[in-house]
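This report concerns only the one structure given below.
Every number in this text was worked out from the coordinates using simple rules, so none of it is lab data. Treat the numbers as computed from the prediction; the structure is a model and nothing was measured. Note: ideal-geometry Cβ built from the backbone for every residue, glycine included; neighbour counts use all protein chains shown.
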Amino acid sequence: MPVIKRRLIYASLLMALVLQLFPWSGWGLYLRPDFVLLALLFWMLRAPQYCNIGLAWFAGLAIDLASGSLFGQNALAYAITAFFAVVYQRRLILFTDLQQTSYVFLLLLINQFTLFLLKLFAGAESPGYYYFLSCISSILLWHFVIVRLFSPRGRH
């Protein structure tokens, strides 16, 4: 098993944060993948000893601070999603690429649904079905980048 350095994990999370903060507008806001959550999920599956629920909480706080959203809502959503990722981490490694992609899609939906509920509880209007479009773009990014590049079964 290759040695994973903490610096690599933190550098990839910082790069994901930079990608998350690019100025998106219009439909791009709805289609923008959640780069930070995808990086967190990747490292939770590959290096759970370094990337855990606490790191997901702090990454969510960083997103909250950077985006100016309600403080703690992304942190809570990331922590809940990270919990479900960590619970099944050992089984997920044994899944096929399609099963892993399906489970990651479920995790992305859990994250978006948690954020959806928190925004409704805070008094925001219902954003509609297009609020969940980022899950589709995120899972496409996961499949074509993570599965195709980093999976030994995905390289052809």
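For the reader, a short list of remarks on this structure follows.
- Degrees, to the nearest 10: 73-87 long Cα axis against longest axis of the chain: 30 degrees
- Around the Cα centre of the range 6-150, unit charges on the Cβ atoms of Lys, Arg, Asp and Glu (plus for the first two, minus for the last two) sum to a dipole of about 420 debye.
- Mean residue ellipticity at 222 nm, helices only, the chain: -20500 deg cm²/dmol; runs of at least 4 DSSP H residues each add -39,500 (n - 2.57), and the sum is divided by the number of residues.
- The candidate values were (1) 25, 17, 15; (2) 22, 18, 15; (3) 53, 18, 11; the one computed from these coordinates for semi-axes √(5λ) of the Cα gyration tensor in Å carries the label (1).
- Based on C-alpha pairs under 8 angstrom that are at least 6 apart in sequence, the chain has a relative contact order of 24 percent.
- Comparing 91, 32, 46 in a Gaussian network model of the chain where C-alpha atoms under 10 Å apart are linked, the largest mean-square fluctuation is found at 91.
- For residue 89 and residue 65, a Förster radius of 25 Å and the Cβ-Cβ distance give a FRET efficiency of 0.35, rounded to the nearest 0.05.
- Put a dot 7 Å past the Cα of residue 149, heading toward its Cβ, do the same for residue 117, and the two dots end up 3.4 nm apart.
- Here the extension length gained between residue 10 and residue 129 equals 39.5 nm, from 0.36 nm per residue of separation less the Cα-Cα distance.
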